[in-house]
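First up is the structure itself, then whatever we jot down about it.
Just so it is clear, none of the values below were taken in a lab; they were calculated from the coordinates. Bear in mind the structure is a predicted one, so any value in this text is a computation, not a measurement. Glycine gets a Cβ as well: all are built from the backbone with ideal geometry, and neighbour counts include every protein chain shown.
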Amino acid sequence: MTESEYQVVWPLGRSAVEKIEMVSGVEGLDGKKVAFVWDYLFRGPEIFGVIKDEISARYPTAEFIDHDVFGNIHGSSAEEKAALELLPGRMREHGAAGAVIAVGA
């Protein structure tokens, strides 16, 4: 009797993502601008309100840039893809030191 032969595939596969260096976090938020960026899918305004209250309690001079400045970054339509491409420039333009990204549930 002959043994069956099977090819084996490693379940994790090869990485297709280019590794990038992680940047250090923002030290303190007093006097800094925090951008709210949203994909318009899940409770963004509600979540941003809670986060804004918490940040403001800890860092009274923090400022905020509302999500509507950046548009919908979901990325499925041409308009959304354009908003995503423009995001880095808009962040610089508005002086954002960091961002809270609300995507999905």
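Which whole-Hz ³J(HN,Hα) couplings does the stretch 26-35 yield from phi under the Karplus relation 6.51 cos²θ - 1.76 cosθ + 1.60, θ = phi - 60°, glycine and proline marked x?
7, 8, x, 10, 4, x, 10, 9, 10, 8
Taking the Cα atoms only, what angle lies between the long axis of helix 44-58 and the longest principal axis of the chain, rounded to 10 degrees?
Rounded to the nearest ten degrees, it is 60.
Relative to the present Cα-Cα distance, how much length would full extension add between GLU80 and VAL8 at 0.36 nm per residue of separation?
Stretched fully, the GLU80-VAL8 segment lengthens by 21.9 nm.
Could you name the aspartates and glutamates in cross-link range of LYS81, using Cα to Cα under 18 Å and dropping any fewer than eight places away on the same chain?
ASP39, ASP68
Considering every Cα-Cα pair within the chain, what fraction, in whole percent, is farther apart than 18 Å?
Taking all Cα-Cα pairs of the chain, the fraction more than 18 Å apart is 61 percent.
Quick one: net charge of TYR40's neighbours, Cβ under 12 Å, K/R +1, D/E -1?
Around TYR40, the surrounding residues sum to -3.
Which three lengths, in whole Å and largest first, does the stretch 38-99 cover when its Cα atoms are put on their principal axes?
Sorted largest first, the three principal extents are 38, 26, 13 Å.
Could you pull out which residues in the stretch 47-75 have an amide N less than 18 Å from a spot 7 Å beyond the Cα of VAL26, following the Cα-Cβ vector?
Backbone N within reach: 47-71.
Under the rule that an exposed site lies in a DSSP loop and has at most 11 other Cβ atoms within 10 Å, name the longest stretch of the chain with no GluC sites (Glu not before Pro) of that kind, not counting the sites themselves.
28-105
Divide by every residue of the chain the summed helix terms, -39500 (n - 2.57) for each DSSP H run of at least 4, and state the resulting mean residue ellipticity at 222 nm, rounded to the nearest 500 deg cm²/dmol.
Mean residue ellipticity at 222 nm (helix-derived): -9500 deg cm²/dmol.
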